[in-house]
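Visitor: Provided herewith is a single structure, encoded as structure tokens, for subsequent inquiry.
The values are calculated or read from the model by the stated rules, or taken from the named source; none is laboratory data. Since this is a predicted model, take the numbers as computed values, not measurements. Reconstructed Cβ throughout: ideal geometry from the backbone, glycine too, with neighbour counts over all protein chains shown. Ligands, DNA and RNA are excluded from the accessible area calculation, which covers all protein heavy atoms including side chains. Shrake-Rupley method; radii C 1.70, N 1.55, O 1.52, S 1.80 Å.
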Amino acid sequence: MKDKKNADKPVKIMDTTFRDGHQSLLATRMRTEDMMPIMEVVDSVGFYSIEVWGGATFDVMKRFLNEDPWDRLKKLKKALPNTPLQMLLRGQNLVGYRNYADDVVRDFVMHSADCGMDIYRVFDALNDERNFESSFEAIKKAGKHIQATICYTLTQKRLGGPVFNIEYFVSKAKKMEEMGAHSLCVKDMAGLISPFDAYDLIKALKKELKIPIQLHTHYTSGMASMAYLKAIEAGVDIIDTAIAPLALRSAQPALEPIVVALQDTPRDTGLDLNKLFEIGEYLEGILPKYRHLLDTSKVSVIDTGVLMHQIPGGMISNLVNQLKEANALDRLREVYEELPLTRKELGYPPLVTPTSQMVGVQAVLNVLMGRYNMITSEVKDYCYGLYGNPPQPIDPEVRKKALKGYPRGETPITCRAADVLEPEMEKAREATKDIAKDIGDVLTYALYPQTGMRFLKWKYGLEEPPASVKPKTMEDVKRENELIKKALAGELVEKPKKQIPEKGAGLRKYNVFVDGDYYTVEVEEEGGVETIVRQAAPVAKPATAPAPAAQPKPAPAPVAAAPKAPEEPIDGKGAIVAPMPGMILDVKRSVGDSVKEGDEVVILEAMKMQNSLTAPISGVIKVVKVKSGDSVKKGDLLVAIG
């Protein structure tokens, strides 16, 4: 760090490059092996903290990268001895998409602290402070830093209105300070905060609170850097930025221009631009491996539509990827138009994980399947109250539809959500007793039973990981570049596919000898296909005079296959097909079971949400094509009812 001769109160910087930066731009796919080589330089910069964990990293690592999240945390702690590590903790949701029991929260916090976590940025998607109680208590017990978080959101283009106004945010912040928070973060996950609203809000919070205040925003709408400058004027203590290659678009503002803008002012950061440039150059060298994950659906660096749809940065890249997988990217505009309506009907939840996923996926389903014809399990839990109280009441008709036949009952709860949850860790220990080696393994399963167990099998060699989780290399990138270059030059020609003709009556066989081996070749005079069959035994080379070559044994006459029993025709009305790509979590019924129309038959995880697929007609299960853990494509037949 440089001397801060002119800085009376330097702005502190939290770096988001290695968590929210790549989560927002690259769907969280950056691998640990690509982070480690530059960590020594990162540690020397003098960041207030570096965000490296939490958010979507835990899920993505064990699901898509075949990496252990706990190992990444340990490695980074060892590589960054001088810089506090920070994580994003979703309150009672931890790093998942539902509220977990208190014992899971306690064990997760304690183990992550043991692995090296220093600062916990704790937020609740509904700003329901009751969901902070367990995590705050555990963080305090671990002797770590509690950063309470307010999720910034709007119902109009500027701060104000009947719901999200300055009074609302200040009131929430004061409650969090009283609960024991060491600092407060205003988390603007969608890049909605305008410069003058940032000034007014930070000024009001600085007046009422004694603890430091941090501002987090995204560049999505184009206002973020301006908002930071006004927040700095108002006295904000810490801001979140990313190194340039993983900044802007739906990530955070780039750090480098902010450092220069504040030089020789009372708020000079004191950071060395040369070191930041070195980190940026390193990233430029490894990021081509991830370029296929960039959102190229728009040329513009900013998305002013965010002022309407309010989707946070990380959700935008995921939503685009999910629509691509569902072959429905052309309906993205419809989804953007549906989002505000779905959000209003669900009580204006702030759009941050997991409510951003819930609202986003439900909006997608409303567009693709018809409004509320399919409701995710998480939205049903939300309507019951298992996520807490939303800022505004849920639409009564939507709630009624969501809770119809809900297993816990059709009357929502009003108590703290975790109060109705049974302890989970003992069951998780029992379920993993034959595979888990430590508490980290047990927690991985407790948070994600299906994909967590699958990862543990990969980790301990009980299952072969699929090719899709293997890392891309720079050699792969080089080959891609060469193909792209040839394609642009018009040098790639699509090879036409030839249909293989049936063997005719004039087929003749020949023996072909090559280097001591011989082959039987079938040849037909016109339109035939040569079939080469390698024989098992090589021909011995002659010692003196050549002996007649051994003749291959004639192939046995083909045995006529038994006629295949004709499959019972499947009535399209009774077919349950995958509405989108995903993974089968559970098949509730077996062949021969009787079902009634509307009965739950299959649980499909798609877009990180659980979707209940029900019987379209009453009848008997005739065919079950899938099992738990299977990956399916859109349109795949899962179950047939006749």
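Visitor: Within the range 170-211, how many residues turn out to be more than 16 Å from Gly160 (Cβ to Cβ) and either among the hydroxyl-bearing types (Ser, Thr, Tyr) or touching a residue at least 60 places away in the same chain (Cβ under 8 Å) (or both)?
Guide: Going through the range 170-211 one residue at a time, the tally reaches 6.
Visitor: Hey, can you tell me all the residues within the range 253-269 that are assigned to a loop (DSSP other than H, G, I, E, B) and open to solvent by less than 10 Å² (accessible area, probe 1.4 Å)?
Guide: Pro253, Thr269
Visitor: I've got another one for you. Does Glu33 qualify as being open to solvent by 20 Å² or more (accessible area, probe 1.4 Å) and modelled with pLDDT of 95 or more?
Guide: yes
Visitor: May I ask you to list the residues in the range 432-468 that are touching a His at 6+ places or on another chain (Cβ under 9 Å) and assigned to a loop (DSSP other than H, G, I, E, B)?
Guide: Listed by number, the list holds a single entry, Asp438.
Visitor: In the range 291-313, which residue that is assigned to a helix (DSSP H, G or I) and at pLDDT below 85 is surrounded by the fewest Cβ atoms within 10 Å (Cβ to Cβ)?
Guide: At the first step, the residues of the range 291-313 found to be assigned to a helix (DSSP H, G or I) are 291-293, 306-309, 313.
Keeping just the survivors that are at pLDDT below 85 gives 306-309, 313.
Details: Val306: 23, Leu307: 19, Met308: 13, His309: 23, Gly313: 26.
Taking the candidates together, the pick is Met308.
Visitor: Is it the case that some residue within the range 75-85 is under 24 Å from the mean Cα position of the chain (by Cα) and open to solvent by 10 Å² or more (accessible area, probe 1.4 Å)? First the steps, then the outcome.
Guide: Applying the first criterion (under 24 Å from the mean Cα position of the chain (by Cα)) to the range 75-85 yields 75-77, 85.
Next, only the ones that are open to solvent by 10 Å² or more (accessible area, probe 1.4 Å) stay: 75, 77.
So far as the range 75-85 goes, yes, one or more of its residues are under 24 Å from the mean Cα position of the chain (by Cα) and open to solvent by 10 Å² or more (accessible area, probe 1.4 Å).
Conditions tested, residue by residue: (1) out of contact with any strand residue (DSSP E or B) (no Cβ under 7 Å at 6 or more places or on another chain); (2) modelled with pLDDT of 95 or more; (3) not small (Gly, Ala, Ser).
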site: Leu154; (1), (2), (3): yes, no, yes
site: Cys185; (1), (2), (3): no, yes, yes
site: Phe196; (1), (2), (3): yes, yes, yes
site: Pro212; (1), (2), (3): no, yes, yes
site: Tyr228; (1), (2), (3): no, yes, yes
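Visitor: Same structure again: Would you mention how many residues in the range 321-379 are more than 20 Å from the chain's Cα centre (by Cα), closer than 18 Å to Asn99 by Cβ and among the acidic types (Asp, Glu)?
Guide: Qualifying residue count for the region: 0.
Visitor: Could you list, in sequence order, the residues of the range 14-57 that are within 22 Å of Leu248 (Cβ to Cβ), among the β-branched types (Val, Ile, Thr) and within 19 Å of the chain's Cα centre (by Cα)?
Guide: Residues satisfying the conditions are Thr16, Thr17, Thr28, Val52, Thr57.
Visitor: Given the criteria open to solvent by less than 40 Å² (accessible area, probe 1.4 Å) and touching a residue at least 12 places away in the same chain (Cβ under 8 Å), does His145 qualify?
Guide: On the way: open to solvent by less than 40 Å² (accessible area, probe 1.4 Å): no; touching a residue at least 12 places away in the same chain (Cβ under 8 Å): yes.
When the stated conditions are applied, His145 does not pass them.
Visitor: Any idea which of (1) in contact with a strand residue (DSSP E or B) (Cβ under 9 Å, 6 or more places away or on another chain); (2) crowded, with 19+ Cβ neighbours inside 10 Å is the one Gly405 doesn't satisfy?
Guide: Going through the list (1) in contact with a strand residue (DSSP E or B) (Cβ under 9 Å, 6 or more places away or on another chain); (2) crowded, with 19+ Cβ neighbours inside 10 Å, Gly405 breaks only (2).
Visitor: Let me ask something additional. Quick one: in the range 314-373, of everything that is of a type in the set (Lys, Arg) and part of a helix (DSSP H, G or I), which residue is surrounded by the most Cβ atoms within 10 Å (Cβ to Cβ)? Explain how you work it out, then say what you get.
Guide: Within the range 314-373, the subset of a type in the set (Lys, Arg) is 324, 331, 333, 343-344, 371.
Now narrow it down to the ones that are part of a helix (DSSP H, G or I): 324, 331, 333, 343-344.
Numbers: Lys324: 14, Arg331: 15, Arg333: 11, Arg343: 25, Lys344: 15.
For the range 314-373, the residue satisfying everything is Arg343.
Condition check ((1) in contact with a strand residue (DSSP E or B) (Cβ under 9 Å, 6 or more places away or on another chain); (2) surrounded by 15 or more Cβ atoms within 10 Å (Cβ to Cβ); (3) at pLDDT 95 or above) across all residues:
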site: Ala417; (1), (2), (3): no, yes, no
site: Met425; (1), (2), (3): no, yes, yes
site: Lys433; (1), (2), (3): no, no, yes
site: Ile439; (1), (2), (3): no, yes, yes
site: Thr444; (1), (2), (3): no, yes, yes
site: Leu447; (1), (2), (3): no, yes, yes
site: Gln450; (1), (2), (3): yes, yes, no
site: Met453; (1), (2), (3): no, yes, yes
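Visitor: Does the range 178-186 contain at least one residue that is in a helix (DSSP H, G or I), of a type in the set (Asp, Glu) and crowded, with 17+ Cβ neighbours inside 10 Å?
Guide: No, the range 178-186 has no match at all.
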